[in-house]
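The values are calculated or read from the model by the stated rules, or taken from the named source; none is laboratory data. These numbers come from a predicted model, not from an experiment. Here Cβ is always computed from backbone atoms with ideal geometry, including for glycine, and neighbour counts include all displayed protein chains.
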Amino acid sequence: MSKKRYAIYFSPEPESDLWLFGSRWLGRDSATGDEIKRLAVNAIKPKRQREITATAAKYGFHATIKPPFRLSKGHDREMLDEALEAFAAAHGPVKLSALELTELDGFIALRPTQTSAALDQLAADCVRELDHFRKPPSKAELAKRGAADLSDAQRKMLKKWGYPYVMDEYRFHMTLTERLEKPERKAVLGDLRELGKDIVGKPVHIDVLTLMQQKSVDDPFEVVKCYPLISMAKAQWPRQKTR
């Protein structure tokens, strides 16, 4: 059984101010796989910064569109690549409102100041229309995710789609930390707002989807390929390869 997992993310354009801010805060560039010099903050020491960003760094600076999954039986990377290319071609880019640095369920994240129905629809379409590529999670994986404090609606999403925060429960965000206690969270957030003053308040264009790959659960996610959202006629979708 392959240990590889894939995910479909939005990742900012490499070398953009947003990309550099997120990657330097996490200390890792998921496009190159390289560790990079971190942005320093006053609120915590470097060791603590590494601790509170370890998980986010492993996943890379991103916003989730379709959560991590293993390929289902009868599907391979080539088929996923072809399907994702067709999906992206059939869907247009989305313009988000300005980003803000804020708290989300105890985490620190970048989030748009306004919700976007177009973005929510893009994420829902991606989860739904590519779901046949997703191998159902094991009982152990479901139990682990189900152990979180989930609402009834989120548990329904977990059962149907293998992840609780999709469809109506989806919230676009770019995670920057682990869940933190309030005093530390407030202090770190204050420093990040100062460091990120040049990237907040600006709209974000979701014009590509990024396929990420993780070789095993212990390895970091890395960029595989980017797919432009170009809004060709939807009659061309879906275009699946059968074997």
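I'd like the residue in region 129-173 that is basic (Lys, Arg) and touching a residue at least 24 places away in the same chain (Cβ under 8 Å) and, out of all such residues, is farthest from residue 73 (Cα to Cα). Before the answer, list the steps.
Going through region 129-173, the residues basic (Lys, Arg) turn out to be 134-135, 139, 144-145, 155-156, 159-160, 171.
This time we only want the ones that are touching a residue at least 24 places away in the same chain (Cβ under 8 Å), so: 134-135, 171.
Details: 134: 9, 135: 7, 171: 30 Å.
Of everything passing the filter in region 129-173, 171 is farthest from residue 73 (Cα to Cα).
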### Task
Take residue 70 and decide whether it is under 21 Å from residue 199 (Cα atoms), surrounded by 15 or more Cβ atoms within 10 Å (Cβ to Cβ) and in contact (Cβ under 8 Å) with a residue 60 or more places away in the chain.
no
### Query
Any idea how many residues of region 192-224 are farther than 30 Å from residue 70 by Cα and not in a loop (DSSP other than H, G, I, E, B)?
4
#### Entry: Selection count where residues are farther than 26 Å from residue 49 by Cβ and not aromatic (Phe, Trp, Tyr), scope region 141-184
25
### Message
Looking at region 14-41, I want the residues that are at positive phi and at pLDDT 95 or above and have a partner that is part of a loop (DSSP other than H, G, I, E, B) and surrounded by 17 or more Cβ atoms within 10 Å (Cβ to Cβ) with Cβ atoms under 8 Å, at least 6 apart or on another chain. Which pairs are those?
### Response
27/38
### Task
Take residue 189 and decide whether it is in contact with a strand residue (DSSP E or B) (Cβ under 8 Å, 6 or more places away or on another chain), assigned to a helix (DSSP H, G or I) and not charged (D, E, K, R).
yes
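For residue 201, state whether it is modelled with pLDDT of 95 or more, over 17 Å from residue 8 (Cβ atoms) and surrounded by fewer than 16 Cβ atoms within 10 Å (Cβ to Cβ). Outline the logic, then answer.
Details: modelled with pLDDT of 95 or more: no; over 17 Å from residue 8 (Cβ atoms): yes; surrounded by fewer than 16 Cβ atoms within 10 Å (Cβ to Cβ): yes.
Answer is no for this residue.
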### Query
Just a yes or no: is a residue in region 6-23 touching a Gly at 6+ places or on another chain (Cβ under 7 Å), closer than 24 Å to residue 186 by Cα and surrounded by 20 or more Cβ atoms within 10 Å (Cβ to Cβ)?
yes
### Task
Output the residue which, of all residues in region 73-96 that are among the aliphatic types (A, V, I, L, M) and either farther than 29 Å from residue 196 by Cβ or surrounded by fewer than 15 Cβ atoms within 10 Å (Cβ to Cβ) (or both), is nearest to the chain's Cα centre (by Cα).
84
### Query
In region 97-125, which residue that is crowded, with 19+ Cβ neighbours inside 10 Å and in contact with a helix residue (DSSP H, G or I) (Cβ under 7 Å, 6 or more places away or on another chain) is farthest from residue 206 (Cα to Cα)?
108
